[in-house]
Amino acid sequence: RWEEEKKEDGIKWTQLEHRGPYFVPPYEPLPQDVQFYYDGKPLKLSLATEEIATFYAKMLDHEYTSKEIFQNNFFHDWRKEMTSEEQEVIKDLAKCDFREIHKYFVDKNEARKALSKEEKQKLKEEADKIQEEYGYCILDGHREKIGNFKTEPPGLFRGRGEHPKMGMLKKRIMPEDVIINCSKDSKIPEPPAGHKWKEVRFDNTVTWLASWTENIQNTLKYIMLNPSSKLKGEKDWQKYEVARRLKDVVHKIRAQYRADWKSKEMKKRQRAVALYFIDKLALRAGNEKEEGETADTVGCCSLRVEHIQLHPELDGQEHVVEFDFLGKDSIRYYNRVSVEKPVFKNLQLFMRNKDPSDDLFDRLNTSFLNKHLQDLMDGLTAKVFRTYNASITLQEQLKALTNPEDNVAEKLLSYNRANRAVAILCNHQRSTPKTFARSMLILQEKINTKKKQVEEAQQEVKKAEDEFEDTKDAKAEANVKKKKKLLKKLEEQLAKLNVQATDKEENKQIALGTSKLNYLDPRISVAWCKKFGVPIEKIYNKTQREKFAWAIDMASEDFEF
């Protein structure tokens, strides 16, 4: 289908018809016997105030609610939604008691888990019915799956890292907030009864079906096609093809920026050092901040003097740059890197006579850098470097780490180690999962049990061998073989469990998924699976296999990025 007639540049579709977004059901009030307490006394809340109280109550056992910034933002936004009578009474979050509401939702959750198979099936059928009605669109005559067809429910903003807006109120999305995009001749989606859309557009140069502005960061949210759809898949494929083109010119680009380290123009020098960081460390470019965006996050071009420290020598290495700043999503980037001498000298020059809060690259901005990259290669941006370096790293690591003689579990450990090298390069971190300690304990118990079984099986083998020594009959010989076969099977199971434990421990603070889905050409993984006899299901789950169907179809085992 992708080879169907190509559309002229900029046109994404000729026909688009859909049902519009599925809105979150209205708030259901708490039962009469579930109460909120203020200063030890029960207090009946108005409906809007009660709904927001439930958002906080649901999160009581989460570490967010113990953070002061979360508490302050929540209380500030909650008070704004209260009636004047409630504002007179509720003045201190410390006097608010949400425990009864919290317990109600915990019990409700447990009850849902305990439903019978038939009841769960009924709920699934209801969800499938909504999916059938809202989860598909007609695009150029094909029925395509929509990605996220439901609006986000209201709640409290969490953000990643130490986000300054955590705890603020995410408001309910109404039809009046939503812009619909479809084709003129299609059946325009009906808004829910008693409501109307903010606007209906017929814009075939964009791929979204509906959009609205969320109230916390004032960013646009879109309803898009599912990653497995033609539009998304084709875009994905093109992204990796651009990164593969970089492979042919990257040596020339590197020679160019090395030469520019000695340029007479300060602007060029700064651009060349920034490009070296983007290439070597896979840093993001760092776009200019939107007005009113409060999180102090930076990328390469927006680094300040305070974000780096220079060490002529450190831990036996020369010319070390120590980075420490908050990157995208307020995730801390900390790294010590030995750089080439001219880079080090240039950084000393860029920092001379500057205050800590001054820009490191004061002559440089992202648009100037991207304009230069575009001149070097059509379609080149800082992000292409990240994709290129991530994919090349995976391919090289897989070559270095995979032993064809290994069993599947050991090969998967090598794959995850290669993937981890990429996640570290891209600084994809996560906090250790809450369930980590418990699941590690369960795994350790399994290992201990298996060890005991192996020891018992070893004794059984010895016993059988002694018996065979004495009798030398065929029955005893068959018994030895049987016991050895069992021992081998148990030893393999133990090895597999040990591999799992190693993998779990090594990955507890690294997020492998981000690079796997967004930065790694899936054809590298598909080719590796085909070459080493590893089932693709071990690498990609069902949703991911749908997203990367194009790669599974295209890549043979000798694919080279």
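The values are calculated or read from the model by the stated rules, or taken from the named source; none is laboratory data. Predicted model only: the values in this text are computed from it and were never measured. Here Cβ is always computed from backbone atoms with ideal geometry, including for glycine, and neighbour counts include all displayed protein chains. Accessible surface is based on the protein model in full, side chains and every heavy atom, while ligands, DNA and RNA are left aside. Shrake-Rupley method; radii C 1.70, N 1.55, O 1.52, S 1.80 Å.
Structure summary
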read-out	value
Set of lysines with alpha-carbon distance to Lys371 below 16 Å, sequence-local pairs under 8 removed	Lys267, Lys268, Lys383
Accessible heavy-atom area order of Ser338, Ser229, highest first, probe of 1.4 Å	Ser338, Ser229
Qualifying trypsin sites (Lys or Arg not before Pro) for the stretch 35-86 [loop in DSSP, other Cβ within 10 Å: at most 13]	Lys44
Sites matching trypsin sites (Lys or Arg not before Pro) across the stretch 333-398 that sit in DSSP coil, with at most 11 neighbouring C-beta atoms within 10 Å	Arg352
Residues whose placed amide H lies under 5 Å from that of Ile146, excluding near-sequence neighbours	Tyr136, Cys137, Asn226
Three-way shape label, the chain, alpha-carbon gyration tensor, a/c 1.5	rounded
Inter-label distance for Lys262 and Asp470, nm, one decimal - labels placed 7 Å from Cα along Cα-to-Cβ	8.6 nm
Under the Karplus curve 6.51 cos²θ - 1.76 cosθ + 1.60, θ = phi - 60°, whole-Hz ³J(HN,Hα) for the stretch 51-66, x wherever Gly or Pro sits	4, 5, 4, 5, 4, 6, 4, 4, 9, 3, 8, 9, 5, 3, 5, 9
Of Lys485/Lys530; Lys450/Lys489; Lys198/Lys221; Lys451/Lys475; Lys280/Lys547, those spanning more than 21 Å from alpha-carbon to alpha-carbon	Lys485/Lys530; Lys451/Lys475; Lys280/Lys547
When each of Lys247/Lys345; Lys239/Lys328; Lys145/Lys232; Lys170/Lys232; Lys184/Lys235; Lys150/Lys187 is checked by Cα-Cα distance, pairs over 18 Å	Lys247/Lys345; Lys239/Lys328; Lys170/Lys232; Lys184/Lys235; Lys150/Lys187
Long-range HN-HN contacts of Arg332 with modeled amide H, under 5 Å	Gly327
Rounded percent of accessible protein surface that carbon and sulfur make up, the stretch 216-341, 1.4 Å probe	46 percent
Computed [θ] at 222 nm, deg cm²/dmol, the chain (DSSP H ≥ 4; -39,500 (n - 2.57); rounded to nearest 500)	-16000 deg cm²/dmol
Low-density loop positions, GluC sites (Glu not before Pro), the stretch 215-304 - DSSP coil, at most 15 other Cβ in 10 Å	Glu265, Glu288, Glu290, Glu291, Glu293
Candidate aspartates and glutamates for bridging to Lys411, where Cα separation is under 12 Å - those fewer than 8 sequence places away on the same chain excluded	Asp503
Solvent exposure of the chain as accessible area per residue, Å², 1.4 Å probe	57 Å²
Antiparallel %, DSSP beta bridges [both residues in the stretch 152-230], to 5	75 percent
Karplus (6.51, -1.76, 1.60) ³J(HN,Hα), θ = phi - 60°, over the stretch 306-316, in Hz, Gly and Pro reported as x	5, 7, 10, 10, 9, 10, x, 8, 7, 6, x
Zone of Leu123's modelled label, taken as backbone nitrogen in the stretch 9-52 under 20 Å from a point 7 Å along Cα→Cβ	23-31
C-alpha center-to-center spacing [the stretch 203-233, the stretch 505-523] in angstrom	24 Å
DSSP-defined beta bridges in the chain - what % are antiparallel, rounded to 5	90 percent
From phi via Karplus (6.51, -1.76, 1.60), per-residue ³J(HN,Hα) for the stretch 367-373 in Hz, x at Gly/Pro	5, 5, 5, 5, 4, 5, 4
Inter-probe distance in nm under a simple model that places probes 7 Å from Cα toward Cβ, at Glu152 and Ala437	3.1 nm
